[in-house]
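First up is the structure itself, then whatever we jot down about it.
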Amino acid sequence: MGNLIGALKLLGWSNQTLTPNRGEDFVEKNIGFPCRVVTGNKAVQSVFDIDLFRKEEFHFGVAKIRKDFTKGVCPSVTSNGKIHEKNKGFLIEVMSKAYGEILASTASAVLSNISKWGSKPSDFEVKLTAVVVDALFPTVFGKSTPPFNAEEVDLYADGAIELRSDILEAIAGEDLDKTRQALLSILGKIKTSERYRKLMDLGKSHGLGEEEATAQLLFSVMFNGLRGIRGNLLTSFARLDTISAEDREELREEALAALRKHGGLTRQALEEMPKIESFVLEALRAGPSPDFFSTIATRSTTVKYTTESGQREVEVKEGERVYASSYWALRDPAVFDKPDDFVWRRFLGPDGEARMEHHVIFHGRLTDTPAANNHMCPGKDVALSVIKGSIAILNTFFGWELQEPPVWTGTKIARFGQPDNEVKIRSFWVQHSEDFKKIFPSHFDDIRHGLGEVDGIDVLVKVKTGSYRGAGTNGNVYIRLYDDKGRQSRELQLDVCWKDDFEKGSEGQYKLKDVKVAPAILKMELFRDGSNPDDDWYCDYVSVQLNPDNNGPTYDFPVHRWIKKNDHVWLIPGKCELSLDDPTTKDR
């Protein structure tokens with residue numbers, strides 16, 4: 001009964017069940033089986049010692065791999081000894097070859113998939129799975145006819161593991177017919193793929209038979225690769241919604257400069273994006289996938305480690321299970337200052353590089369090179385390339401509005417570091433289209449058509465400043481327009497260079513060019529930046545006319561309020577503000 005209760009606690013509260021006492025480590029717990037839970041950063045690193053701790057074959061903590069989904073072959077990720085060396089050596093060489101192609105493949109996958117999304121993409125998480133499949137699989141298997149299908153691969157990944165307890169598996173209840181059909185289809189595509197024979201020859205050079213090599217590729221790519229990359233890409237994407245517009249612009253400027261300089265997403269371009277890298281590494285620190293590492297002590301040993309209370313040591317007996325929580329190791333205040341805060345600059349500069357030695361993810365330290373004598377994932381560099389490259393393109397050339405803010409509580413075990421709530425997109429659009437067209441010209445027309453982009457139009461904006469004492473401002477004022485097709489204009493500054501704008505009682509007129517919206521306008525965002533912080537502004541109203549030279553429609557936005565530095569006001573035609581239940585209330 002203790003195993004069942006322990007498993008139910010872990011499944012119900014996930015990482016919060018393991019909340020550490022930073023004064024001790026290697027704490028005895030039951031999480032579905034008796035084990036020692038390790039949460040301190042340096043203590044977790046000690047568990048990566050391949051001589052002291054081995055993996056449990058076919059098992060991940062409370063889950064186990066269904067052997068018929070790997071043709072009875074133990075995957076590299078849960079194998080040990082000489083068998084592990086053969087498996088790992090094969091996969092390292094496969095991923096080394098994939099690494100050379102992965103950035104071009106990532107750019108193509110991101111952009112070709114976006115061209116099919118439309119301006120209001122539904123099932124966004126499924127669509128992101130398709131991006132990962134189209135980025136990763138061609139670099140491993142080459143072309144496949146018919147191509148690999150994201151939903152099919154997702155089905156395989158769902159069926160490849162099961163809960164450890166037969167009782168819990170009965171509770172979970174799962175229909176395996178579709179997942180086994182997906183398995184057969186995927187095996188067929190692997191065996192008819194362009195590079196299958198070369199992959200089998202490579203496997204043979206590492207001492208693997210055809211069935212063994214196929215099984216290693218099947219689980220490592222279809223489960224570890226897909227789920228690990230998709231989970232970490234999704235959480236990185238969602239984290240962009242939690243930082244300021246100024247920070248996102250800073251990331252965009254860095255990526256745009258590198259992409260321009262090198263003519264696209266190349267290795268050299270990615271190496272010139274340290275801020276993108278730091279952002280992604282912080283996203284993975286805050287929500288790692290995988291978030292644990294489960295091992296068994298190879299022999300009785302004394303493990304020395306450091307806690308808040310000083311140097312400690314513990315006797316671990318041969319055969320004891322040790323469950324290392326990378327989730328809590330990456331929140332260890334002894335290593336990461338303010339660990340519960342999302343600090344995207346954390347991994348910049350010399351201090352940031354030093355912190356990478358304590359970034360424990362992918363079953364090792366981020367600074368570890370995958371090798372036969374360690375546990376580090378052989379696809380680490382490929383995975384990071386897909387995630388960083390995708391984020392660079394998405395943040396630089398596209399904008400979006402989520403249906404609800406992402407939330408992370410560390411209590412949803414099935415989400416593997418992703419937000420607790422499913423990420424859903426309300427609207428999606430191209431931004432900085434001229435830059436996009438120059439850098440990725442072959443994708444521009446397809447994406448513009450797929451997202452329903454329109455030609456830019458002229459817009460006439462009139463703004464009336466109130467007559468109250470101190471109503472005027474010398475601060476910078478901007479608007480952003482939203483139309484009924486989900487399109488959003490760029491940030492539009494209201495400024496006449498030779499005029500003192502927004503004086504008390506004045507009305508200003510601003511002719512704006514190449515604004516990519518169309519009738520009807522549903523709402524407008526009116527905002528100020530941080531300039532002139534003590535200079536509040538009282539706005540009476542704003543009117544917006546589309547295509548003024550052709551007598552286009554006019555939209556009037558009553559404002560009647562003071563606007564301080566960095567204030568954002570959301571308005572709809574004829575009313576002062578959006579209703580309180582509007583999702584943009586978080587910005588007001």
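The values are calculated or read from the model by the stated rules, or taken from the named source; none is laboratory data. Every value quoted in this text rests on a predicted model; they were computed, and no experiment measured them. Every residue, glycine as well, gets a Cβ built from its backbone with ideal geometry; the counts of neighbours run over all protein chains shown. What goes into the accessible areas is simple: the full protein's heavy atoms, side chains included, and nothing from ligands, DNA or RNA. Shrake-Rupley method; radii C 1.70, N 1.55, O 1.52, S 1.80 Å.
Side notes on the structure shown:
- Set side by side, the residues LEU494, LEU522, LEU526 differ, and just one is touching a Phe, Trp or Tyr at 6+ places or on another chain (Cβ under 8 Å), free of Cβ contacts under 8 Å to residues at least 40 places away in the same chain and not charged (D, E, K, R), which is LEU494.
- Scanning region 381-429 for residues that are surrounded by fewer than 20 Cβ atoms within 10 Å (Cβ to Cβ), at pLDDT 95 or above and in a helix (DSSP H, G or I) yields one hit, ASP381.
- Among the residues of region 430-458, those identified as aliphatic (A, V, I, L, M) and either farther than 30 Å from PRO405 by Cβ or part of a loop (DSSP other than H, G, I, E, B) (or both) are ILE439, LEU451, VAL454, ILE457.
- Hey, LEU481 in contact (Cβ under 8 Å) with a residue 12 or more places away in the chain, in a strand (DSSP E or B) and open to solvent by 20 Å² or more (accessible area, probe 1.4 Å) or not: no
- Residue that is farthest from ASN30 (Cα to Cα), among those in region 336-354 that are in a loop (DSSP other than H, G, I, E, B) and of a type in the set (D, E, K, R): ARG345
- Put simply, of PRO333, PRO370 the only residue that is in a loop (DSSP other than H, G, I, E, B) and either touching a His at 6+ places or on another chain (Cβ under 9 Å) or buried (at least 20 other Cβ atoms within 10 Å of the Cβ) (or both) is PRO370.
- Taking region 147-223 as the region of interest, the helices (runs of 4 or more DSSP H) fully inside it that hold 1 or more residues being touching a strand residue (DSSP E or B) at 6+ places or on another chain (Cβ under 7 Å) and modelled with pLDDT under 95 are 166-172.
- For PHE347, the stated conditions hold: it is aromatic (Phe, Trp, Tyr) and open to solvent by less than 20 Å² (accessible area, probe 1.4 Å).
- The single condition among (1) open to solvent by 10 Å² or more (accessible area, probe 1.4 Å); (2) part of a loop (DSSP other than H, G, I, E, B) that MET376 does not satisfy is (1).
- Only residues that are open to solvent by 10 Å² or more (accessible area, probe 1.4 Å) and either farther than 26 Å from LYS29 by Cβ or among the aliphatic types (A, V, I, L, M) (or both) were counted across region 66-81, and they come to 9.
- Residue, nearest to the chain's Cα centre (by Cα), within region 179-223, restricted to residues that are farther than 14 Å from ARG66 by Cβ and of a type in the set (S, T, N, Q): SER220
- The single residue among VAL517, VAL496 that is closer than 24 Å to ASP458 by Cα, of a type in the set (Val, Ile, Thr) and surrounded by 15 or more Cβ atoms within 10 Å (Cβ to Cβ) turns out to be VAL517.
- Every condition in (1) in contact with a Leu (Cβ under 9 Å, 6 or more places away or on another chain); (2) polar (S, T, N, Q); (3) surrounded by fewer than 18 Cβ atoms within 10 Å (Cβ to Cβ) is met by SER467 except one, and the failing one is (1).
- Filter result for the condition that a residue is open to solvent by 30 Å² or more (accessible area, probe 1.4 Å) and of a type in the set (D, E, K, R), over ARG252, ARG239, ARG227: ARG227
- Condition broken by LYS88, with the remaining ones in (1) free of Cβ contacts under 8 Å to residues at least 40 places away in the same chain; (2) over 25 Å from the mean Cα position of the chain (by Cα) satisfied: (1)
- When residues of region 477-506 are limited to those that are more than 30 Å from the chain's Cα centre (by Cα) and among the polar types (S, T, N, Q), the one nearest to ARG528 (Cα to Cα): GLN493
- Qualifying positions in region 287-325 - in contact with a strand residue (DSSP E or B) (Cβ under 8 Å, 6 or more places away or on another chain), surrounded by fewer than 22 Cβ atoms within 10 Å (Cβ to Cβ) and outside any strand (DSSP E or B): THR298, SER300, LYS317, GLU318, GLY319, GLU320
- Residue count, region 14-28 (criterion: among the aliphatic types (A, V, I, L, M) and crowded, with 19+ Cβ neighbours inside 10 Å): 1
- Check on ARG248, of a type in the set (Lys, Arg), in contact (Cβ under 8 Å) with a residue 24 or more places away in the chain and closer than 26 Å to ILE413 by Cβ: no
- You will find that of GLU246, GLU254, GLU250, the residue that is at pLDDT below 95 and assigned to a helix (DSSP H, G or I) is GLU246 and no other.
- Lone qualifier among GLU491, GLU503, GLU507 - being of a type in the set (Asp, Glu), touching a helix residue (DSSP H, G or I) at 6+ places or on another chain (Cβ under 9 Å) and open to solvent by 60 Å² or more (accessible area, probe 1.4 Å): GLU491
- Residues of region 23-54 satisfying the condition of being in a loop (DSSP other than H, G, I, E, B), under 20 Å from ILE361 (Cα atoms) and either in contact with a Leu (Cβ under 7 Å, 6 or more places away or on another chain) or not β-branched (Val, Ile, Thr) (or both): ASP25, PHE26, THR39, GLY40, PHE48, ASP49, ASP51, LEU52
- Residues considered: LYS127, LYS116. Of these, the only one that is part of a helix (DSSP H, G or I) and either of a type in the set (Ser, Thr, Tyr) or surrounded by fewer than 18 Cβ atoms within 10 Å (Cβ to Cβ) (or both) is LYS127.
- Residue in region 44-57 that is among the basic types (Lys, Arg) and either at pLDDT 95 or above or in contact with a strand residue (DSSP E or B) (Cβ under 9 Å, 6 or more places away or on another chain) (or both) present: yes
- Meets criteria (assigned to a loop (DSSP other than H, G, I, E, B), modelled with pLDDT of 90 or more and in contact with a strand residue (DSSP E or B) (Cβ under 7 Å, 6 or more places away or on another chain)) for GLY475: yes
- Scanning region 529-556 for residues that are closer than 15 Å to VAL569 by Cα, of a type outside the set (Val, Ile, Thr) and more than 37 Å from the chain's Cα centre (by Cα) gives ASP536, TRP537, TYR538, CYS539, ASP540, TYR541, SER543, ASP556.
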